[in-house]
Amino acid sequence: VKKGDKLVELDTSTLEDEINTQRITYSKAKSAVTQSQKNYDVAKISVQEYEQGTLKQQIEDATAQTIIAQESLRSAQNSLAYSERMFQRGYISKLELEAQQFAVRRATLELDSAKTAKTVLEKFTKAKTLVDLRSQVETAKAAMESDQAAFTLEESKLRRLETQLANCTVVAPQDGMVVY
């Protein structure tokens with residue numbers, strides 16, 4: 001025989017079936033890595049979005065509601081003071097005066113509610129949401145690392161099967177005579 005001549009070819013049908021199955025598994029693992037990477041990226045963006053966008057907007061909205069409530073209270077107090085003067089002079093009834101007093105109480109409650117909402121947002125909701133979002137980042141990162149490890153394992157299995165397939169053909173290592 002001459003160097004490189006084919007001496008023996010083993011049956012490769014089982015290995016070829018395993019390789020085809022492994023290629024499918026490999027493709028699925030590769031897809032999982034891609035998806036988990038995207039999930040991780042989205043989770044990181046969600047933290048930034050909340051810190052730099054959503055949270056700021058919510059705080060601005062809460063501040064605006066507080067300012068509006070303060071102005072409503074001030075206006076109601078001014079109306080009440082005017083109504084009290086008009087009541088003392090006999091120009092308005094006691095019922096109208098009580099309506100103005102109720103408007104002041106309502107405006108006070110709305111201001112208290114707006115202040116409480118802002119405080120809850122700044123002290124509790126912010127912290128809770130950030131912990132949740134950061135937890136999602138860590139979970140996505142762990143899933144991505146797990147998928148990457150699974151992909152590496154599936155790739156290794158595929159390469160090993162392909163090597164086994166290549167080894168099913170025995171060739172002469174050098175010129176010479178073959179002895180069975």
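The values are calculated or read from the model by the stated rules, or taken from the named source; none is laboratory data. The shown structure was predicted, so the numbers you read here are calculated from the model rather than taken from an experiment. Heads up, the Cβs are rebuilt from the backbone with ideal geometry, glycines too, and the neighbour counts pull from every protein chain shown. Calculation scope for accessible area: heavy atoms of the full protein, side chains included, ligands and nucleic acids excluded. Shrake-Rupley method; radii C 1.70, N 1.55, O 1.52, S 1.80 Å.
Quick notes on this structure:
- Matching residues in region 113-145 - criterion: being over 30 Å from Ser72 (Cα atoms) and in contact with a helix residue (DSSP H, G or I) (Cβ under 8 Å, 6 or more places away or on another chain): Thr129, Leu130, Leu133, Arg134, Gln136, Val137, Thr139, Ala140, Lys141, Ala143, Met144
- Of all residues in region 78-108 being closer than 28 Å to Leu121 by Cα and touching a helix residue (DSSP H, G or I) at 6+ places or on another chain (Cβ under 8 Å), the one that is most open to solvent (accessible area, probe 1.4 Å): Arg106
- Looking across region 20-74 at every residue that is hydrophobic (A, V, I, L, M, F, W, C), open to solvent by 70 Å² or more (accessible area, probe 1.4 Å) and touching a residue at least 12 places away in the same chain (Cβ under 8 Å), the one that is nearest to Val137 (Cα to Cα) is identified as Val42.
- Residue that is most open to solvent (accessible area, probe 1.4 Å), among those in region 147-180 that are of a type in the set (S, T, N, Q) and free of Cβ contacts under 8 Å to residues at least 12 places away in the same chain: Asn167
- Residues in region 114-124 that are under 16 Å from Tyr50 (Cβ atoms) and surrounded by 15 or more Cβ atoms within 10 Å (Cβ to Cβ): Leu121 alone.
- Some residue of region 91-99 being in a helix (DSSP H, G or I) and of a type in the set (S, T, N, Q): no
- Residue match in region 107-124 (condition: under 30 Å from the mean Cα position of the chain (by Cα) and within 30 Å of Gln22 (Cα to Cα)): no
- When Glu9 is tested against (1) open to solvent by less than 70 Å² (accessible area, probe 1.4 Å); (2) farther than 19 Å from Glu155 by Cα; (3) over 21 Å from the mean Cα position of the chain (by Cα), only condition (1) is not met.
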